[in-house]
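J.: Structure provided below as structure tokens; questions to follow.
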Amino acid sequence: MIASRMKNLHPYVPGEQPKDRNYIKLNANENPYPPSPLVSKTLARAAKKYAAKMALYPDPDSNELKAAIADLLNKTGGVLCRTETKGGKKSGSGAECSPSASDKIPFAVTPDMIYCGNGSDEVLSFVFYAFFDSDRPLVLPNFTYSFYPVYAGFYNIPLAPIPLQADWTLDKEKMLSEAQAKDSSIIFANPNAPTGLALTREEVRKMIQAAPKDRVFVVDEAYVDFGGESCIPLLAEFCNLVIVRTFSKSLCGAGMRLGYVVACPELVNHITTVKNSLNHFPIDFLSQQGGIAACKDAGYYAVCAKKVAEERDSFSEFLRKQGWFVIPSSTNFVFAKKEGLSAEEAYRKIKRAGILVRHFSTAGIEEFLRITIGSHEQMTELKHVIEDM
């Protein structure tokens, strides 16, 4: 009764979503802040004034949303925590934005360089289908976003996982050696998950230069807004580069399910072909409206990203003073462990106090906790729990 392909499916396991208690959720890398007030106003207005549009199919290509995303990237350089703001409210809402000197993109990102989908997970699925083959292994770090192996199994794509180095950084040389030997594509998150470490743009440039030119090179920038260096400027040099990004983290929109690709128009067209072969109308009307509104208030999200980054650095320093080993993070989470303290035991003690963090049972990282950065009040409560451990 069951298709043989089912044997290759190993579903992704998300952070727990309990319904029996009102926990402080620091286990799913969500943003502790709500979307911009402009998003709420826009959605309420759209639902009331344009209710009839919900009875009609939405724009299948999300053209207005793609234009809004392109404008957002040009105004911020793709890294919100370093975006310079001027004017606006204390929250940052309504502020004028410009990229820092180090993040300025040397060309104008245009709408035909954007593909939009239902969260970056769907976008990644289409990227896997469009660019990775079953006749050669996909090169990736052994510890990275755990949905990559799920999609590999779904599409029958073999993997060549490369162990991280002793300092938890990507082994760039071994990844390149494997890709060159097998004429394979490479994918990794930058900053990486769950470690939080990031490669510089120059490090990624050198990797792409050495990687197979006839294979797509994918960089997942889900967390880059919190302190990494976006690789969008490298699109001026490399037509085989695909950058995946999301609204779920820095744009406070995990509940809206919006993700996107930035790449050359030719590769965007290939991903669009995959989409049109599965679902011609992927993003609903309200999500498109919410996404457009979010992109129009970059100042608000820049302030949110700065607050998260500052809280992350403060919390990391707190953990170190408590005797924890903390990997330096460029994300909205920290990856940490403490010698002599079982990570599973620590996770359970923190949960009993009403706070959820993430513990992986995977061999090699089983002694670490991944802790999402919440609001100042939430992190203060967590600090009190950790001080008593």
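J.: In terms of modelled amide H atoms, which long-range or inter-chain residues lie less than 5 Å from the amide H of L159?
T.: Those lying under 5 Å, H to H, from L159 are L138.
J.: Considering the options I69, L38, L9, tell which one lies farthest towards the positive end of the dipole of segment 1-83, charges being +1 on Lys and Arg and -1 on Asp and Glu at the Cβ, about the Cα centre.
T.: Of I69, L38, L9, it is L38.
J.: With unit charges on the beta carbon (Lys/Arg positive, Asp/Glu negative), name the residue among S120, I373, I355 whose Cα is farthest towards the positive pole of the charge dipole of the chain.
T.: Checked the options; the winner is I355.
J.: Relative to the compact-globule scaling 2.2 N^0.38 Å, provide the ratio for the alpha-carbon radius of gyration of the chain.
T.: Working: Rg = 20.6 Å, N = 389, 2.2 N^0.38 = 21.2 Å.
Ratio of Cα Rg to 2.2 N^0.38 Å: 0.97.
J.: Charges at C-beta only: +1 for Lys and Arg, -1 for Asp and Glu. How large is the resulting dipole of segment 21-88 about its Cα centre, in Debye rounded to 20?
T.: Dipole about the Cα centre, nearest 20: 360 debye.
J.: Another question about this same structure. Short version: ³J(HN,Hα) in whole Hz for each residue of segment 23-35, in order, from phi by Karplus 6.51 cos²θ - 1.76 cosθ + 1.60 (θ = phi - 60°), x for Gly and Pro, what are they?
T.: 7, 7, 8, 10, 10, 10, 6, 7, 8, x, 9, x, x
J.: Only residues of segment 31-63 count here: report those whose backbone N is under 11 Å from the spot 7 Å along Cα→Cβ of F281, or say none.
T.: 53-60
J.: What is the ratio of the Cα radius of gyration of segment 1-136 to 2.2 N^0.38 Å, where N is its residue count, to two decimals?
T.: Relative to the rule-of-thumb radius for its length, segment 1-136 sits at 1.41.
J.: Using DSSP to call loops (not H, G, I, E or B), can you name the trypsin sites (Lys or Arg not before Pro) in segment 100-175 whose Cβ has at most 14 other Cβ atoms within 10 angstrom?
T.: Taking segment 100-175 and a limit of 14 other Cβ atoms within 10 Å, the loop trypsin sites (Lys or Arg not before Pro) found are K104.
J.: Still on this structure, I have one more. On the principal axes of its Cα set, how long, how wide and how thick is segment 1-51? Give whole Å, largest value first.
T.: Principal extents (Cα only, largest first): 49, 32, 20 Å.
J.: Let me ask you something else. Please calculate how many Å² of accessible area segment 117-199 carries per residue, with a 1.4 Å probe and no DNA, RNA or ligand atoms counted.
T.: That works out to 36 Å² per residue.
J.: So for each of 376-384, 66-74 I average, over its residues, the number of other beta carbons within 10 Å; can you give me the resulting order with the highest mean first?
T.: Values: 376-384: 15.2, 66-74: 21.4.
Put in order of decreasing packing, that is 66-74, 376-384.
J.: Here's another thing I want to ask about it. Work from the charge dipole of the chain (Cβ charges, +1 for Lys and Arg, -1 for Asp and Glu, about the Cα centre) and give the residue of A152, H280, G78 farthest towards its positive end.
T.: It is H280, whose Cα lies furthest towards the positive end.
J.: Using per-residue counts of other Cβ atoms within 10 Å, averaged over each peptide, order 47-53, 300-306 from highest down.
T.: Working: 47-53: 10.7, 300-306: 25.1.
Top of the packing list down: 300-306, 47-53.
J.: Leaving out ligands and nucleic acids, and using a 1.4 Å probe, what accessible area per residue does segment 43-108 come to in Å²?
T.: It amounts to 58 Å² per residue over segment 43-108.
J.: Show me 112-124, 265-277 ranked by packing, highest mean number of other Cβ atoms within 10 Å first.
T.: Most protected by this proxy first, the peptides run 112-124, 265-277.
J.: Using a probe of 1.4 angstrom, how much of the accessible area of segment 313-380 is carbon and sulfur, in percent?
T.: Answer for segment 313-380 is 46 percent, counting heavy atoms of protein chains only.
J.: Mind listing the long-range amide H neighbours of G374? Cut-off is under 5 Å, sequence gap 5 or more, other chains count too, H placed in the peptide plane at 1.01 Å from N.
T.: M379
J.: Taking the Cα centre as origin and putting +1 on Lys and Arg beta-carbons and -1 on Asp and Glu beta-carbons, what dipole magnitude results for the chain, to the nearest 20 debye?
T.: The calculated dipole for the chain is roughly 980 debye.
J.: Moving on. With a 1.4 Å probe and every protein chain kept in, tell me what percent of the accessible surface of segment 1-159 is carbon plus sulfur.
T.: Looking at segment 1-159 in its full context, I get 56 percent from C and S.
J.: For segment 102-238, what does the equivalent ellipsoid look like in terms of its semi-axes, each the square root of 5 times an eigenvalue of the Cα gyration tensor, given largest first in whole Å?
T.: So the three semi-axes of segment 102-238 are 21, 18, 16 Å.
The values are calculated or read from the model by the stated rules, or taken from the named source; none is laboratory data. Worth saying up front: this structure is predicted, and the values here are computed from it rather than measured. Here Cβ is always computed from backbone atoms with ideal geometry, including for glycine, and neighbour counts include all displayed protein chains. What goes into the accessible areas is simple: the full protein's heavy atoms, side chains included, and nothing from ligands, DNA or RNA. Shrake-Rupley method; radii C 1.70, N 1.55, O 1.52, S 1.80 Å.
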